[in-house]
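*Asks:* One structure follows; several queries about it will come next.
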Amino acid sequence: MSVGRAALTSAGLSRDFGGVGVFDVDLHIDRGSVYGLVGRNGAGKTTLLSMLAGLEKPDSGLVKLDGTTVSMCPDVPEFEPWLTALEVVELSAGLGAPRRSGVREQALCDAALRDAALRVLSRVGMESAARRRVGGFSRGMLQRLSLAAALVVRPDLLILDEPTSGLDPEGRRTILDLVRDLKQESTIILSSHIVHDVESVCDALGLLDGGRLVLQGRTADILDAHARPVWRLQSRSSREARILAAALRAEEWTLSVEPASEFGLLVEAASVEAGERGIPQVVSREGCALAGLTALDSDLESILLSVSSASASTVASMTGGGTRTWRGP
Amino acid sequence: MTLWQLEIARLLRTRRALVLAALFTFLGCTAPLLEHYAADILASATSDGVRVELPPPTPADGIASYESNAQQLGLIGVVVVASSALCFHARPQAFVFYRMRVARRRDMVVPRYVVVVGACVAAYLLGLFGAWYETTLLIGDPGVPRTLAHGGLMSLHLAFVVAGVAFIASFFRSVLASVGSSLGVYLVALPALSVVDFVEPWTPQALADSAAPLVSGSDGLGHYVVPAAVSAGLTVLLLAVSIQRVQTSARSRDRSAGSIPE
């Protein structure tokens, strides 16, 4: 999939819960990238992430990590409700830190951990809630606290299971902005069934369907490979729509031009590039107004839905090695 | 913050330590009182023409009455507090936090076990002090060394009870199920086992039943060497199995070892 140095690879990773689970997953995740794991509910995302985090033992296969520190944020974070946010992050930092021999040395170490905890809480926008008890936190605050507790150990690999589920739009944006910033420091695996989130932050993605990885590649490559050369063109009047239809049909790169809704046309081109260049030229040449031009079924969600549907009928007969991989140029 | 500080905070902030102390103190202060006025209470409760005569209470009765209450109501309190702390799988998402960070299984269990046992023993001894004080005041001095000897044996029994709860809790995903099963073992199965004559002298239950014979002087401490050894052995065994049953993350173990297997 990639030429970059791998932060994590897996080979033949399987965990069978009696017909459901995860089967023969081969992952390749570049160091310093954000890898999105998408799939329907029950596709096996959480099981796969649990195996990568070492929480679940695979039946077969292996995971190879480049780095020693792995942090995971579960989809529904839960902490001791009687601890403050600062104490949760301090605890997270302290559990991985070695104990010092002297009282003074330990006090200095504790002070350093507290400073680090406060910095991380500030980074996730929770400095004002640092000394509040976790019991009264909203879902969004718990997600951010979970992220802070994971970040304070400076992980080489950060695993986020559905980090934006249950959040309001502002909360989602905060988390996604954080994920974008974090890829400077860690490799991130992010699972989600909100494809728009994955599209906006992930450099690469894998599609799980029925426990199998049916698609894996760089996000841009997948979008390019699946983009259909069909556009909805919107004009300002029926007269202009007729003029444009006639002009477009006369072009040799158009395969079909059909009326669609009021003043609209569906234009199918021979290639994406021909349509992207040709349609605006024809509109300009004919002196018509362009009210709208939308590429159809070229968003990641449409692509993944079509791949997922296609794989459903074929995956049952696969015995392994069924992943479709898109390589970068 | 360390795991030890976390467990102390758990006991204090959830008021569990306070509840344990209040429960055992209440039991300790009321038991000798009830023993002292048992004859009067019975006389007022019986109908006309019926006369109940009780022998005058002895100091051993005062302590034994506390021990009897502690083995029922007190034990329920101990089991609830221990299950709440040691049933790791009751809150799986919270458990993930510890599994990802704590490398050694024993670090997950030992602080919780030791702090809970410490709180239970402290609460029990507080109640025993109350029982000794009131017994001395109302009935007669039971003797400090013999009362302390019983307190020591009962502390060992409580350590065994909490280890058993840790073992039972490792099989359940709910605190309620763990509490119910533990109470079934400690309130029904073990007392039933101690009814069997040839088993009774060496079961841990003998430690809990040591109040009357030990304080009255009919048994010496030497009589309890075998059940104490059995209790200590079972405590270590149950704790070891509980530790083995705790799952940590392979990654946290790898980090602790300083390498990732390939």
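The values are calculated or read from the model by the stated rules, or taken from the named source; none is laboratory data. Worth saying up front: this structure is predicted, and the values here are computed from it rather than measured. All Cβ positions, even for glycine, are placed from backbone atoms using ideal geometry, and neighbour counts span all protein chains on display. Accessible surface areas use protein heavy atoms only, side chains included; no ligands, DNA or RNA. Shrake-Rupley method; radii C 1.70, N 1.55, O 1.52, S 1.80 Å.
*Asks:* Restricting to segment B:31-74, give me the number of residues that are open to solvent by 40 Å² or more (accessible area, probe 1.4 Å), in contact with a Ser or Thr (Cβ under 9 Å, 6 or more places away or on another chain) and under 16 Å from residue B:151 (Cα atoms).
*Replies:* Counting residues in segment B:31-74 that are open to solvent by 40 Å² or more (accessible area, probe 1.4 Å), in contact with a Ser or Thr (Cβ under 9 Å, 6 or more places away or on another chain) and under 16 Å from residue B:151 (Cα atoms) gives 2.
*Asks:* Could you please let me know if residue A:133 is open to solvent by 50 Å² or more (accessible area, probe 1.4 Å) and under 18 Å from the mean Cα position of the chain (by Cα)? Walk me through how you get there before you give the answer.
*Replies:* Values: open to solvent by 50 Å² or more (accessible area, probe 1.4 Å): yes; under 18 Å from the mean Cα position of the chain (by Cα): no.
No, not satisfied.
*Asks:* What do you reckon, is residue A:123 closer than 26 Å to residue A:199 by Cβ, among the basic types (Lys, Arg), more than 10 Å from chain B (Cβ to nearest Cβ) and open to solvent by 10 Å² or more (accessible area, probe 1.4 Å)? Before you say what the answer is, go through the steps one by one.
*Replies:* Values: closer than 26 Å to residue A:199 by Cβ: yes; among the basic types (Lys, Arg): yes; more than 10 Å from chain B (Cβ to nearest Cβ): yes; open to solvent by 10 Å² or more (accessible area, probe 1.4 Å): yes.
So residue A:123 fits the description; yes.
*Asks:* Could you check, for segment A:62-85, whether at least one of its residues is part of a helix (DSSP H, G or I) and either in contact (Cβ under 8 Å) with a residue 60 or more places away in the chain or among the hydrophobic types (A, V, I, L, M, F, W, C) (or both)?
*Replies:* Of the residues in segment A:62-85, the ones part of a helix (DSSP H, G or I) are A:85.
Next, from what is left, pick out any that are either in contact (Cβ under 8 Å) with a residue 60 or more places away in the chain or among the hydrophobic types (A, V, I, L, M, F, W, C) (or both): A:85.
Within segment A:62-85, one or more residues are part of a helix (DSSP H, G or I) and either in contact (Cβ under 8 Å) with a residue 60 or more places away in the chain or among the hydrophobic types (A, V, I, L, M, F, W, C) (or both).
*Asks:* While we're on this one: Return yes when residue A:108 is without any contact (Cβ under 8 Å) to a residue 40 or more places away in the chain and within 27 Å of residue B:246 (Cα to Cα) and no when it is not. Don't jump to the end; show me each part of the working.
*Replies:* On the way: without any contact (Cβ under 8 Å) to a residue 40 or more places away in the chain: yes; within 27 Å of residue B:246 (Cα to Cα): no.
No, not satisfied.
*Asks:* So which of B:235, B:248 ends up being open to solvent by less than 20 Å² (accessible area, probe 1.4 Å), in a helix (DSSP H, G or I) and closer than 30 Å to residue B:100 by Cβ? Outline the logic, then answer.
*Replies:* Working: B:248 fails: in a helix (DSSP H, G or I).
Just a single option satisfies the conditions, and that option is B:235.
*Asks:* Checking residue A:55 against (1) in contact (Cβ under 8 Å) with a residue 40 or more places away in the chain; (2) hydrophobic (A, V, I, L, M, F, W, C); (3) under 21 Å from residue A:150 (Cα atoms), which single condition isn't satisfied?
*Replies:* Among (1) in contact (Cβ under 8 Å) with a residue 40 or more places away in the chain; (2) hydrophobic (A, V, I, L, M, F, W, C); (3) under 21 Å from residue A:150 (Cα atoms), residue A:55 violates only (1).
*Asks:* Just give me the residues in segment B:31-60 being touching a helix residue (DSSP H, G or I) at 6+ places or on another chain (Cβ under 8 Å) and either within 14 Å of another protein chain (Cβ to nearest Cβ) or not in a loop (DSSP other than H, G, I, E, B) (or both), in sequence order.
*Replies:* B:31, B:32, B:33, B:34, B:35, B:36, B:41, B:59, B:60
*Asks:* Across segment A:25-61, which residue is nearest to the chain's Cα centre (by Cα) among those that are under 20 Å from residue A:304 (Cβ atoms) and in a strand (DSSP E or B)?
*Replies:* A:36
*Asks:* Residues of segment A:27-57 being aliphatic (A, V, I, L, M), touching a helix residue (DSSP H, G or I) at 6+ places or on another chain (Cβ under 8 Å) and within 14 Å of another protein chain (Cβ to nearest Cβ), which ones?
*Replies:* Those that are aliphatic (A, V, I, L, M), touching a helix residue (DSSP H, G or I) at 6+ places or on another chain (Cβ under 8 Å) and within 14 Å of another protein chain (Cβ to nearest Cβ): A:53, A:55.
*Asks:* Assuming residue B:100 fulfils every condition listed in (1) buried (at least 21 other Cβ atoms within 10 Å of the Cβ); (2) away from chain A (no Cβ under 14 Å) apart from one, which condition is it?
*Replies:* (2)
*Asks:* When segment B:138-152 is examined, which residues are found to be farther than 13 Å from residue B:126 by Cα, open to solvent by less than 10 Å² (accessible area, probe 1.4 Å) and assigned to a helix (DSSP H, G or I)?
*Replies:* Matches in segment B:138-152: B:150 only.
*Asks:* Six or more apart or on different chains, Cβ under 6 Å: which pairs go from a residue in segment B:137-150 that's within 12 Å of residue B:214 (Cα to Cα) and touching a residue at least 12 places away in the same chain (Cβ under 8 Å) to one that's in a helix (DSSP H, G or I) and open to solvent by 10 Å² or more (accessible area, probe 1.4 Å)? Could you list them?
*Replies:* B:142/B:59; B:147/B:132; B:149/B:221
*Asks:* Kindly indicate which of A:249, A:172, A:232 is in contact with a Ser or Thr (Cβ under 9 Å, 6 or more places away or on another chain) and modelled with pLDDT of 90 or more.
*Replies:* On the way: A:172 fails: modelled with pLDDT of 90 or more; A:232 fails: modelled with pLDDT of 90 or more.
The unique qualifying residue is A:249.
*Asks:* Further question: So, of the residues in segment B:85-97 that are surrounded by fewer than 24 Cβ atoms within 10 Å (Cβ to Cβ) and free of Cβ contacts under 8 Å to residues at least 40 places away in the same chain, which turns out to be farthest from residue A:157 (Cα to Cα)?
*Replies:* Among those residues, the one meeting the criterion is B:91.
*Asks:* If residue A:30 satisfies all but one of (1) within 30 Å of residue A:132 (Cα to Cα); (2) open to solvent by 10 Å² or more (accessible area, probe 1.4 Å); (3) in contact (Cβ under 8 Å) with a residue 60 or more places away in the chain, what's the number of the condition it fails?
*Replies:* (1)
*Asks:* Pick out the one residue from A:191, A:165, A:186 that is modelled with pLDDT of 90 or more and under 30 Å from residue A:22 (Cβ atoms). Before the answer, list the steps.
*Replies:* Details: A:165 fails: modelled with pLDDT of 90 or more; A:186 fails: modelled with pLDDT of 90 or more.
Within the list A:191, A:165, A:186, the selection yields A:191.
*Asks:* Quick check on my filter: what residues within segment B:1-30 are more than 14 Å from every other protein chain (Cβ to nearest Cβ), open to solvent by 70 Å² or more (accessible area, probe 1.4 Å) and within 30 Å of residue B:106 (Cβ to Cβ)?
*Replies:* So in segment B:1-30, the residues more than 14 Å from every other protein chain (Cβ to nearest Cβ) come out as B:19-30.
Narrowing further to those that are open to solvent by 70 Å² or more (accessible area, probe 1.4 Å): B:19, B:26.
Within segment B:1-30, just B:19 meets the criteria.
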